[in-house]
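Take a look at the structure below.
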Amino acid sequence: MYNVCFMARPSYDKFSANIYASIKDRYDNNIKGYFITMNDKESSYIHNELGNDNIIICEVSKYFKENWEKFTFNWFCEFEKKYDCSPLWSYVYTDRFLINRDYEYVVKITVGYFMFFEDLFTKNEINFFYDETIATLQSYIGYLVGKKLKVKYLCQMTARGGLDASYHYFIDEPFQMDMLFDNKYQTNQYSVEEVNKAEDYLTEFEKTDIKPVNMAFTGQRPHMSLRYFLCPVKYLNRRISKYSNDKYNYMYYQDYKMAMDPIKFYFRYLKSQKFYQKADYSRKYVYFPLHYQPEASTIVCAPKYEKQLYFIDSWAKSLPADTVLYVKEHYALLGNRDISFYKELEKYPNVILINPWESSRSLIENAIAVTTLTGTAGWEAMMLRKPVFLGGEIYFSNAPGVIKIKDIYYNYLPLINGWKQPQRSEIIKYLCEYFRTLRKGNVYSADPASLSKENINLVADSLVQQMNIILNA
């Protein structure tokens, strides 16, 4: 029998519920599902979708309200020792919802989640903690407590590298590493079929600029629309909503303050355009595409450099006289970055801010090197056998030609001079291993197509297969 703890916050609530139902109908009628919800609205959804048979709702807001006074500073210090997570503040700063809250509130929320998961995992026989990519303190603490109490964290991650959304791979730790990837891939043997598949993919990639899957849902050029005029209505609705005023639910608490952001971002985007320049491809440059923030790609996977100005500062002071740094704004949610950021960039004479609509592919192809914290541009540059300087931990950090950097300050020249371009055959081997780990099924829950019965069954098949491998190991 499978005992699985599912995260069920939007938009993962529908996805998790459907996966549970598929496993129950097709594999294990006795599967026990523990669903973590944030409030009574989410709890009602799970009950209405799945009924009460073998379903346990674990509602965070209710638990926190009942135990709020127990969440003390002493426990904050105690849990840091108990779960081997010193310094605990480094984990707090991985949460984009929590980092701007006051000290006492942060302590209580942190302690609350340690107690919540400790109670959940010790009082129930749970095998797996099934969640999205770790992008909040809630998920991170679930991972930490589960690791200590032998509850295995599993996540199905959308395949990267320009593949369509119908494939995924498994991760079992915070840094989105492919858990099935064999790092000895260069000495592994691959079938003719596997090699041909990798060869076809690489050949197509070399000819075509392939966009990441998620850019179909983000990265649209901002324009005035009706939704901006609805922002005040959204603000008023949230302002009086009990869910926006529930302090026990930190992700939604006071979210009415962000209701007007789309308008603010739009006008900020218009103002920011004066800072952008066109790329001059006759110049010698290192290319750095900015990351959208705050997001797990930086605050979880590259915490040292999540303040990207610090990363840029280190690069600007490390480049030789004939080289500049091209920095390109991320075109997802343009305007979310404060204008002061661009004003700071102007203080660096060898740093040039490139228009976000400039072709990233052209910037990669003409660069002498690409640097990123964890971004897809690093994968693309690796595929084109360009030098890649990686400032964080991400799935392609073990790929040919990737240089992992803990500190670029004064280290660029010795690293670039010692870099050796990989053979194309090395990239083929890497792709063979990568493709070998992929499973069928669209796990991008923001895509309505992921909820089709056929797709849910594929995802459930993959999850059951992986759970069986772990349980039988």
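Assorted remarks:
- Those residues of region 302-336 which are hydrophobic (A, V, I, L, M, F, W, C) and under 17 Å from L413 (Cβ atoms), in sequence order: W315, A316, L319, A321, V324, L325
- Residue check for L137: under 21 Å from Q176 (Cα atoms), surrounded by fewer than 22 Cβ atoms within 10 Å (Cβ to Cβ), at pLDDT 95 or above and within 24 Å of the chain's Cα centre (by Cα): no
- Scanning region 436-454 for residues that are touching a strand residue (DSSP E or B) at 6+ places or on another chain (Cβ under 9 Å) and modelled with pLDDT of 95 or more yields a total of 7.
- Boolean, I36 is under 28 Å from T298 (Cβ atoms) and surrounded by 14 or more Cβ atoms within 10 Å (Cβ to Cβ): yes
- Some residue of region 226-237 being without any contact (Cβ under 8 Å) to a residue 40 or more places away in the chain, touching a helix residue (DSSP H, G or I) at 6+ places or on another chain (Cβ under 8 Å), not in a helix (DSSP H, G or I) and not β-branched (V, I, T): no
- Residue in region 152-166 that is at pLDDT 95 or above, part of a helix (DSSP H, G or I), under 27 Å from the mean Cα position of the chain (by Cα) and not aliphatic (A, V, I, L, M) present: no
- Filter result (more than 21 Å from I416 (Cβ to Cβ) and free of Cβ contacts under 8 Å to residues at least 60 places away in the same chain) within region 281-291: L290
- For region 82-93, the criterion of a residue being over 23 Å from the mean Cα position of the chain (by Cα), β-branched (V, I, T) and assigned by the TED database to the domain that holds Y140 is satisfied by no position.
- From T371, T376, residue being farther than 23 Å from M7 by Cα, at pLDDT 95 or above and polar (S, T, N, Q): T371
Condition check ((1) surrounded by fewer than 22 Cβ atoms within 10 Å (Cβ to Cβ); (2) assigned by the TED database to the domain that holds K82; (3) outside any helix (DSSP H, G or I)) across all residues:
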{"site": "Y113", "(1), (2), (3)": "no, yes, no"}
{"site": "T122", "(1), (2), (3)": "yes, yes, no"}
{"site": "F129", "(1), (2), (3)": "no, yes, yes"}
{"site": "K150", "(1), (2), (3)": "yes, yes, yes"}
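- Filtered residues of region 268-290 (kept if of a type in the set (F, W, Y) and loosely packed, with under 14 Cβ neighbours inside 10 Å): Y281
- Of all residues in region 1-25, those satisfying the criterion of being of a type in the set (A, V, I, L, M) and assigned to a helix (DSSP H, G or I) are A17, I19, A21, I23.
- Checked against (1) surrounded by fewer than 20 Cβ atoms within 10 Å (Cβ to Cβ); (2) at pLDDT 95 or above, Y430 passes all but a single condition, namely (1).
- Residue in region 190-202 that is in a loop (DSSP other than H, G, I, E, B), outside the structural domain of N398 (by the TED database) and either without any contact (Cβ under 8 Å) to a residue 24 or more places away in the chain or surrounded by fewer than 19 Cβ atoms within 10 Å (Cβ to Cβ) (or both) present: yes
Yes/no per residue for (1) among the aliphatic types (A, V, I, L, M); (2) closer than 18 Å to F311 by Cβ; (3) not assigned by the TED database to the domain that holds S297:
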position	(1), (2), (3)
L334	yes, no, no
Y348	no, yes, no
L353	yes, yes, no
A377	yes, yes, no
G392	no, yes, no
Y395	no, no, no
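The values are calculated or read from the model by the stated rules, or taken from the named source; none is laboratory data. Worth saying up front: this structure is predicted, and the values here are computed from it rather than measured. Positions of Cβ are generated from backbone atoms using ideal geometry, with glycine treated the same way; all protein chains shown enter the neighbour counts.
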